[in-house]
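All remarks here apply to the structure that follows.
Every number in this text was worked out from the coordinates using simple rules, so none of it is lab data. Everything quoted here is computed from the prediction, not taken from an experiment. With ideal geometry, Cβ positions are generated from the backbone for all residues, glycine too; neighbour counts draw on all protein chains shown.
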Amino acid sequence: MGLGGMGSRIARRLADAGHELTVWNRTRSKADALGVPVADTPAAAAAGSEVVITMVADPLALQTVTEGPEGVAAGAGDETTLIDMSTVGPAAIERLRGVVSAPLLDAPVLGSLSEAESGTLHIFVGGEREDYERWQGLLSVLGTPIRVGPSGAGASAKLVANTTLVDVIATIGEALALAEALGLSRDAAFAVLATTALGDQAERRRPALESGEFPPRFPLRLARKDADLIAEQGLDLRVTDAARSWLHEATDDDQDYSAVLRVILERATRR
Ligand SMILES: NC(=O)c1ccc[n+]([C@@H]2O[C@H](COP(=O)([O-])OP(=O)(O)OC[C@H]3O[C@@H](n4cnc5c(N)ncnc54)[C@H](OP(=O)(O)O)[C@@H]3O)[C@@H](O)[C@H]2O)c1
């Protein structure tokens, strides 16, 4: 369920590996494009399935797809395992646990479109060990699963990973803004960054920054959603709060999250 950038690639990989799929997506045309059976509702897709994989945008989307008379929970039998791969945070998984009687794994992923396509995602799994062992082979079609703890631990692990993601992009942006304000050329700034712990990341972002085009892999709106999920944990995480404030100033929702670099460079002017 959920055939956006990530879900469509996951579905394609599973189909190519010989699994029999029924898919569902809110926007039906994306489901039709896959060339496998399409269900009219999440409940209908779940009915009779051994395993249901959800890969949707955010906690609200997960509720919409899993709850109510047309949701996954209404169609899944006790023998159906539900694997949620969306990045939704531990509270959404706890809510889902209250809704489904079936075994549940939370299994969000690190890696983007190309990793989903090539089956090289890192998959952080929370849930019962026996459920994990049962579905480890299936998840291995998509990447490298690691069981990080009980239910909700995968969702938590993903927030930990994405804290580094949003913090690093903001740090690179601020370093470049500082370089510019101090009169260093862009070349010199990147040469300096190359000698630091963030050298690889800075170099990776350079072509987009220089061309001014940020084709979406991980859209900005999803990075902002993740920064919000981290903030909801209620900790005094000052660096991540600062990165989040930059993501909230950026409006290029459907561009890659690295488009926040442009916003930082435009706005981190002298006070
Ligand atoms: N893109 C990445 O690089 C990346 C990497 C790691 C993890 N993730 C995470 O993976 C998840 C999916 O990401 P994505 O890149 O595939 O996002 P996406 O391309 O925006 O796709 C989002 C999916 O969620 C569905 N959806 C959104 N709101 C919905 C609602 N209210 N009811 C039902 N369905 C709804 C969309 O349906 P429609 O097609 O109808 O809009 C679409 O299928 C997110 O949690 C994201 O944070 C993404």
Over the chain, equivalent-ellipsoid semi-axes from the Cα gyration tensor in Å: 37, 19, 17
Net charge dipole size for region 157-267 [Lys, Arg +1 and Asp, Glu -1 on Cβ; Debye, nearest 20]: 140
Restricting region 12-71 to GluC sites (Glu not before Pro) in coil, as DSSP defines it, with at most 13 other Cβ within 10 Å: GLU20, GLU50
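Provide VAL88, VAL166, VAL160 in ascending order of the number of other Cβ atoms located within 10 Å of each residue's Cβ, fewest first. Don't skip to the end; give the middle numbers.
Numbers: VAL88 28, VAL166 23, VAL160 11.
Ranking VAL88, VAL166, VAL160 by Cβ neighbours within 10 Å, fewest first, gives VAL160, VAL166, VAL88.
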Top of SER211, SER185, SER49 by mean-square fluctuation, Gaussian network on the chain, Cα under 10 Å: SER211
Gaussian network model of the chain, springs between alpha carbon atoms under 10 Å - residue of ARG12, ARG217, ARG95 with greatest fluctuation: ARG95
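Based on the mean of other Cβ atoms within 10 Å per residue, sort peptides 106-113, 145-152 so the most packed one is first. Before the final figure, lay out each step's value.
On the way: 106-113: 22.8, 145-152: 18.4.
Order by mean packing, descending: 106-113, 145-152.
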Among ALA33, ALA61, ALA102, residue whose mean-square fluctuation peaks in a GNM of the chain (springs only between Cα atoms under 10 Å): ALA33
Between region 166-236 and region 4-46, the alpha-carbon center distance in angstrom: 34
Over the chain: helical MRE at 222 nm, DSSP H runs n ≥ 4 each giving -39500 (n - 2.57), nearest 500: -16000 deg cm²/dmol
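What does the charge dipole of the chain about its Cα centre add up to, to the nearest 20 debye, if the Cβ of each Lys and Arg holds +1 and the Cβ of each Asp and Glu holds -1? Please report the intermediate quantities before stating the final value.
Numbers: 26 positive and 38 negative charges, 119 e Å.
Here the size comes out at about 560 debye.
Ranking THR196, THR251, THR64 by Cβ neighbours within 10 Å, fewest first, what do you get? Provide the component values of the computation, followed by the final result.
On the way: THR196 13, THR251 10, THR64 17.
Arranged by neighbour count, lowest to highest, THR196, THR251, THR64 become THR251, THR196, THR64.
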